[in-house]
Amino acid sequence: MMKIRNSGLKKPLLFFVILCAVNEAFSQDPDMYTNATFLKRLNKERSFSELKKRIVSASAKTPAGNWGEFVTGVDESINTKNRIVAFTFDACGGKHGSGYDKELIEYLHQEKIPATLFISGKWIDSQFTEFLNLSRDTLFEIENHGLNHRPCTITGQSAYGIKGTLSLEEAFDEIEGNARKIEAITKRRPLYFRSATAFIDEASARMAMRLGITTVGYQILSGDAVPFVQESVIEQNVVNKIKPGAIVIMHFNHPEWNTKEALEKIVPKLRKMGYSFVRLHDFKLISRK
Ligand SMILES: [Zn+2]
């Protein structure tokens, strides 16, 4: 049996090992990170509450600006002429959006297709183990889809029947709250944010920018979220509109949708056209307006 001698060198080492183990155990305890608990805890942290005060007061006189999917401050594609395309998959969470499309993720693996996953705090709460597994998977980058999957606005606009945030403070919690939640669990701060439904106002996009976060929309809407849409329609939406550097929006939280079935047709076609697949963080993003 290994004996730990009571030497001056080994005591701090043992303490460090225990500390790491405790830290690791905490970062994997889902109860520590449920949205309500985590946000309450964050608001007690000075680094969060003071930043919120500072950012909100710096943005206080900013008008809401335009509201939509392609407003100023949102990037939609990769700045390139090369035949690359970025598949992005959202996981929205909530009552009707907390599923996990395991077959789709397995397909991406089988085909070695890197992808960007935009994940909400709500989805993490219901799929904590899957979230941990995905965050350790080098094929994917985990990005921010908002804490409670609320479209970010300072005036309470709605999109697709989902009520948006009501103020700068709420938009801050939605964006920065989930960035910190993902970082606390995975030890990596997300670089990108996609607002719930991809709708956002310009004031919220500017606030994200002040936080060092790039807001990402899309150039190609796959349409996988349209009720009962067939795989051939999703396939046409993507293949017919493909362009170098396009960011494609899809979902991996609805195994009953036809996203994976469509991808099985899209991927060989795009490969034949000379396209390869990339994640966002290796490239400069631009707005195509
Ligand atoms: Zn969503």
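Quick notes
- Violating pairs (Cα-Cα greater than 29 angstrom) within the set K53/K187; K102/K269; K122/K272; K40/K163; K53/K122: K122/K272
- Of interest is the spacing of the C-alpha centroids, which for the stretch 72-114 and the stretch 161-217 amounts to 18 Å.
- Between R189 and T138, the C-beta separation translates, for a Förster distance of 25 Å, into a calculated FRET efficiency of about 0.90.
- Other residues with beta-carbon under 12 Å from the beta-carbon of R41 carry, at +1 per Lys or Arg and -1 per Asp or Glu, a net charge of +2.
- Label zone at H96, where the point sits 7 Å out along the Cα-to-Cβ direction: the stretch 130-162 residues whose backbone N lies under 17 Å: 149-151, 158-162
- Over the chain, the reciprocal of the mean inverse Cα-Cα separation, the Kirkwood hydrodynamic radius, stands at 20.0 Å.
- Mean separation of Cα contacts under 8 Å (6+ apart) over length of the stretch 85-164, as relative contact order %: 30
- Peptide ranges 71-77, 88-94 listed from the most packed, as the mean C-beta count within 10 angstrom indicates: 88-94, 71-77
- Peptide ranges 269-275, 199-205 listed from the most packed, as the mean C-beta count within 10 angstrom indicates: 199-205, 269-275
- 9 Å beta-carbon shell around E141, net charge (K/R +1, D/E -1): +1
- Summarising the label geometry, the points placed 7 Å from Cα in the beta-carbon direction at S167 and Q236 lie 4.8 nm from one another.
- Candidates W257, L104, A171 compared by Cα position along the dipole of the stretch 35-286: farthest toward the positive end lies A171, with charges placed on Cβ.
A short reminder: the numbers here are calculations on the coordinates, not readings from a lab. From a predicted model like this one, the values you see are computed outputs, not experimental measurements. Positions of Cβ are generated from backbone atoms using ideal geometry, with glycine treated the same way; all protein chains shown enter the neighbour counts.
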